[in-house]
1. From the list 50, 84, pick out the single residue that is outside any loop (DSSP other than H, G, I, E, B) and either more than 19 Å from the chain's Cα centre (by Cα) or buried (at least 20 other Cβ atoms within 10 Å of the Cβ) (or both).
2. Somewhere in segment 29-41, is a residue loosely packed, with under 13 Cβ neighbours inside 10 Å and over 23 Å from residue 259 (Cβ atoms)?
3. Here's a check for you: in segment 121-142, which residue that is in contact (Cβ under 8 Å) with a residue 24 or more places away in the chain and more than 24 Å from the chain's Cα centre (by Cα) is nearest to residue 91 (Cα to Cα)?
4. Considering every residue within segment 87-104, establish whether at least one is part of a loop (DSSP other than H, G, I, E, B), away from the ligand (no atom under 16 Å from the Cβ) and more than 29 Å from residue 182 (Cβ to Cβ).
5. Taking segment 105-124 as the region of interest, how many residues are away from the ligand (no atom under 16 Å from the Cβ) and either in a helix (DSSP H, G or I) or more than 18 Å from residue 76 (Cβ to Cβ) (or both)?
6. For segment 95-134, which residues satisfy the criterion of being within 20 Å of residue 267 (Cα to Cα), touching a helix residue (DSSP H, G or I) at 6+ places or on another chain (Cβ under 9 Å) and surrounded by fewer than 16 Cβ atoms within 10 Å (Cβ to Cβ)?
7. What about residue 53, is it farther than 23 Å from residue 77 by Cβ and at pLDDT 95 or above?
8. Grab the strands (runs of 3 or more DSSP E) fully contained in segment 165-279, keeping just those with 3 or more residues being at pLDDT 95 or above and away from the ligand (no atom under 16 Å from the Cβ).
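The values are calculated or read from the model by the stated rules, or taken from the named source; none is laboratory data. Nothing here was measured: the structure is a model prediction, and the numbers come from that model. Quick reminder, even Gly has a Cβ in these numbers, built from the backbone with ideal geometry, and neighbours come from all protein chains shown.
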Ligand SMILES: [Fe+2]
């Protein structure tokens, strides 16, 4: 088994069948995941049961409240775009579940049906985003907290993200559960629960403001942090193939699913693993 760091973010792991990890391989995969924030495998052949079994080795499974589920495996959320649909899921920089008090650790995404071209996913390292900030910005954000919510994304108001894009109605639901979400706060800089490294933990989808800042100061700081974190120098564009698996950590990366394959169907199976409170 070999771990090869990739340009920008993440690492590719080769020479392993993730259906049959030995204890030593499992430990090495877990370490690579902690070190790199996202790991990729190629040429895997996972049934739904094997996908679930792989994810369960890393922690309990989070059943997604908003995504359409696999009809036989509730643990599996469908990330789907039909050929006649225009809006994709996750089509902007974000990290999943920052709107929860204990954000999910990460997700194992398996490609099931891919377009002939397009549908790549970008991953950005929030370890690198933090490390490359200038010293005065690091000092400014060291003790700040940010507020996160998913009401404006998954909620029922007509201008909420998915409600405004009605062709997602069959894929994203349960808006009532989003409407009653309470704001949560997390540190702007976290000590990563697995690696101990510092990571920037704000994101353009779910972070709504910096606690204690005026609206304008909050907007300005977040815009500056986002512009820095989006730098392609610390991002990797992952090109899916049949058999590809990506396993990302929500606390160490952002991701962005490109929506450049209109007229073709793309189906991914996502399993999300529970996380913990962040400090
Ligand atoms: Fe996502």
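1. Details: 84 fails: outside any loop (DSSP other than H, G, I, E, B).
Exactly one residue qualifies, and that residue is 50.
2. No, that holds for no residue.
3. Across segment 121-142, the extreme among qualifying residues is 137.
4. Applying the first criterion (part of a loop (DSSP other than H, G, I, E, B)) to segment 87-104 yields 87-93, 95-104.
Going one step further and asking which of them are away from the ligand (no atom under 16 Å from the Cβ), we end up with 101-102.
The next check asks that each one be more than 29 Å from residue 182 (Cβ to Cβ); those that pass are none.
No, because not a single residue in segment 87-104 is part of a loop (DSSP other than H, G, I, E, B), away from the ligand (no atom under 16 Å from the Cβ) and more than 29 Å from residue 182 (Cβ to Cβ).
5. Step one: of segment 105-124, the residues away from the ligand (no atom under 16 Å from the Cβ) are 112-118.
Still in the list and also either in a helix (DSSP H, G or I) or more than 18 Å from residue 76 (Cβ to Cβ) (or both): 115-118.
Of the residues in segment 105-124, 4 are away from the ligand (no atom under 16 Å from the Cβ) and either in a helix (DSSP H, G or I) or more than 18 Å from residue 76 (Cβ to Cβ) (or both).
6. Filtering segment 95-134 for residues within 20 Å of residue 267 (Cα to Cα) gives 95-96, 106-123.
Add one more test, that the residue is touching a helix residue (DSSP H, G or I) at 6+ places or on another chain (Cβ under 9 Å), and what stays is 95, 106-108, 110, 122.
Correct list: empty.
7. Here the answer is no, as residue 53 does not meet what is asked.
8. Fully inside segment 165-279 and qualifying: 184-187, 189-191, 198-200, 207-210.
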